[in-house]
Amino acid sequence: MYRLVAILMVLLMGNVFADKHADHSNLGEEASSIKASGKIFHTDGLDVIRKMHPDFLNHKRDKTLREGVRTKEGSLKGCVNCHAIKDKKTNQYHPVNDKDQFCSTCHQQVSVSVDCFSCHRTTPRKGTK
Amino acid sequence: MSKTLNRRDFIKTSSATTVGVATIVSGITLTTFAANANENPVTNEKRWGMLIDTNKLTEVEIDGMVSACQQENGWGSEVHSTGDQKPTWVRKLKVQDKATGKITSLPLMCQHCEEPPCVDVCPTNASMKREDGIVLVDKHLCIGCRYCMMACPYDARSFVHEDLTDQREHMPRGKGTVESCTLCVHKVDNGESPACVASVNSDAVIFGDLYDPKSNINQTLKKVQSAQIRADLDLNTGVRYSGI
């Protein structure tokens, strides 16, 4: 029994460390600062947003376009604004759908193409609002 | 606690309860009114419209309206499209009276019809009319068949022929979809006027709720002679013109 518990503990510790050492370099500037401040933006939990974000976005797009509901919740604009990274040399934002950027890391791995950005802006706001 | 309830106690308890309930109810009402308009779906109690006075509007102002639209919505800098392929959300049009030869210039954009032919012909429901009368293209559903472009009597719609980048944050645009004047729906939802209306300093172009008797547009339409372009089609347009 103790052996089992020990194995379980080791496995759990592994998870903890894995999360600690996971690469969050492309999390995005605003998202990183929220994470650093200890606040939680996705209050439903990361599992939910990771799995359900296509549904949230689809639901919101219909609400916004067809019904004029323009809340921040589930807004693609919000995703881009928070999760984009600025290049330190050029001081320009990397498009979120570029290789190894926030959207692409998972989408590359699971081989699912993103169609949002053939129309939507890929970097945070600029010029006229 | 077998005490019987006497008259005085009964009045005390009941009045306390009434005050409590009243407080809660007023709280609820206050929150409902305090909610941002953007949180609720638009309704058909409003109908957005525009009145353009061609006598007051100068050609320079019309050009200004076109460039304000380009600036706001990010169209007009397509490099690979040629001639008719170029998107045009609003254009300057010159009409001539055959008898007198008088030339009138007017800006022509989507007329936001009450009975839009573009919505009738759309096979995917992408072409749609919002409850408040604004006609839009849902580019998520648009397959680029361009039936709506053929159906529109005002030639108000354009097709995007090339890959685009650096779109405006509030105005997604992409290759293979149809687009047109949105009446700056993103601004209207925030209580502002469309960019073209804001670019004109005089009252030559008025924007507002056609149904609201207190609105400037409603009151002006009651006073002045105005026309709909191709009124014979019975589309009941939201954009009206006076002076033509």
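Key figures
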item	result
Length added when fully stretched, B:LYS12-B:VAL60, from 0.36 nm per residue minus Cα-Cα	9.9 nm
Spacing of the two label points (7 Å from each Cα toward its C-beta) at B:GLN96 and A:LYS72, in nm	5.7 nm
The protein assembly as shown, dipole about Cα centre (Lys/Arg Cβ +1, Asp/Glu Cβ -1), debye to the nearest 20	1000 debye
Inverse of mean 1/r across different Cα pairs in segment B:199-242, Kirkwood, Å	11.4 Å
Rg to Rh, two decimals, where segment A:28-118 supplies the alpha carbon set and Rh follows Kirkwood	0.97
Lys pairs, segment B:74-138 - Cα-Cα below 28 angstrom, 8 or more residues apart or on other chains	5
Local electrostatic count at B:SER199 - Lys and Arg +1, Asp and Glu -1, tallied over other residues with Cβ under 13 Å	-3
FRET efficiency, B:ASP232 to A:ILE40 (Cβ-Cβ, R0 56 Å, nearest 0.05)	0.40
Paramagnetic reach from B:ASP84 (point 7 Å along Cα→Cβ, amide N under 19 Å) across segment B:134-163	B:144-162
Whichever lysines have a C-alpha closer than 22 Å to that of A:LYS88, once near sequence neighbours (fewer than 8 apart) are set aside	A:LYS35, A:LYS99, A:LYS126
Proxy reagent accessibility, fewest Cβ within 10 Å first, across B:SER158, B:SER127	B:SER158, B:SER127
Surrounding net charge for A:VAL110, when Lys and Arg each add one and Asp and Glu each subtract one, Cβ distance under 14 Å	+2
Cα coordinate range in the protein assembly as shown, projected on the principal axes (Å, largest first)	102, 78, 40
For a label point 7 Å along the Cα-to-beta-carbon line of B:ASP166, residues of segment B:52-84 with backbone N under 19 Å	B:67-82
Local electrostatic count, B:SER14, Cβ distance below 14 Å [Lys/Arg +1, Asp/Glu -1]	+2
Exposed-loop-free span, longest in chain B, where trypsin sites (Lys or Arg not before Pro) count as exposed if DSSP calls them loop and at most 12 other C-beta atoms lie within 10 Å	B:103-213
Expected-Rg normalisation [2.2 N^0.38 Å, Cα atoms] applied to chain B	1.40
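Only the coordinates and a few stated rules stand behind these numbers; no lab work does. Because the structure is a prediction, the values reported are computed rather than measured. Here Cβ is always computed from backbone atoms with ideal geometry, including for glycine, and neighbour counts include all displayed protein chains.
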